[in-house]
Amino acid sequence: TTHGLISDFATLFVGCYDSGMRSLTYVNCGQEPALLRQARKGAVEELAMTGPVLGIAAEAEYGERSVALQQGDALAIFTDGLTEVGETRSSLLGISGVKALFGALPASAPAHLLSRNLVDSVNAFAPSSIRDDQCLLIAVGTGHQRPN
């Protein structure tokens, strides 16, 4: 460790979207769980991790998962800079807080507005306590398919 911090590790989220099958195959190694807001159900689902943080254990096993995406679904992939907002370590927003904020955003909003509104909502939770960089990627299913 360096200055009490863990070193020599990395988190990773990599996804491959198949437009013909409308599915996302991904690996998540220690990254915050991506969130999928399903347009038809209105529910927000956490996409589970598929392995531990990279570099923690030589014998670690990693897998992949796939999830179906429908027109209007919104996918949010982000770093812990969104979840670790809070006045104290015991009052952080956490995954459940980001999940609730993401689910409360307008269902028909385009990706750029979802991104802006989610970051604004997260930062409004505890405006004086942003401790980490924030990285967010949002994709919204448009229903367009690539021709074969």
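Do any GluC sites (Glu not before Pro) in region 54-96 lie in a loop, going by DSSP, with at most 13 other beta-carbon atoms within 10 Å of their beta carbon, and if so which?
Here the sparse-neighbourhood loop sites are Glu59, Glu61, Glu64, Glu87.
Along the positive direction of the dipole of the chain (beta-carbon charges: Lys, Arg +1; Asp, Glu -1; about the Cα centre), which of Gly86, Phe102, Ile56 reaches farthest?
Phe102
Provide the descending list of Cα extents for region 33-115 along its principal axes, expressed in whole angstroms.
That gives 44, 36, 21 Å along the principal axes, largest extent first.
What does the charge dipole of the chain about its Cα centre add up to, to the nearest 20 debye, if the Cβ of each Lys and Arg holds +1 and the Cβ of each Asp and Glu holds -1?
My answer is approximately 640 debye.
Could you check what % of the DSSP bridge pairs in the chain are antiparallel, to the nearest 5?
Percent antiparallel among DSSP bridges in the chain is about 95.
Largest first, how would Met49, Met21 line up by accessible area (1.4 Å probe)? Please list the in-between numbers first.
Values: Met49 100, Met21 140 Å².
Ranked list, largest accessible area first: Met21, Met49.
Can you give the log10 of the normalised intensity I(q)/I(0) at q = 0.18, 0.20 Å⁻¹, computed with Debye over equal Cα scatterers of region 9-148?
Cα-only, vacuum Debye calculation for region 9-148: -1.06, -1.22.
Provide Asp8, Asp120, Asp18 ordered by accessible surface of protein heavy atoms (probe 1.4 Å), highest first. Show your work: numbers first, answer last.
Values: Asp8 135, Asp120 90, Asp18 65 Å².
If we order Asp8, Asp120, Asp18 from most to least accessible, we get Asp8, Asp120, Asp18.
The values are calculated or read from the model by the stated rules, or taken from the named source; none is laboratory data. Bear in mind the structure is a predicted one, so any value in this text is a computation, not a measurement. Heads up, the Cβs are rebuilt from the backbone with ideal geometry, glycines too, and the neighbour counts pull from every protein chain shown. To get the accessible areas, we keep the full protein, side chains included, count just its heavy atoms, and leave off ligands, DNA and RNA. Shrake-Rupley method; radii C 1.70, N 1.55, O 1.52, S 1.80 Å.
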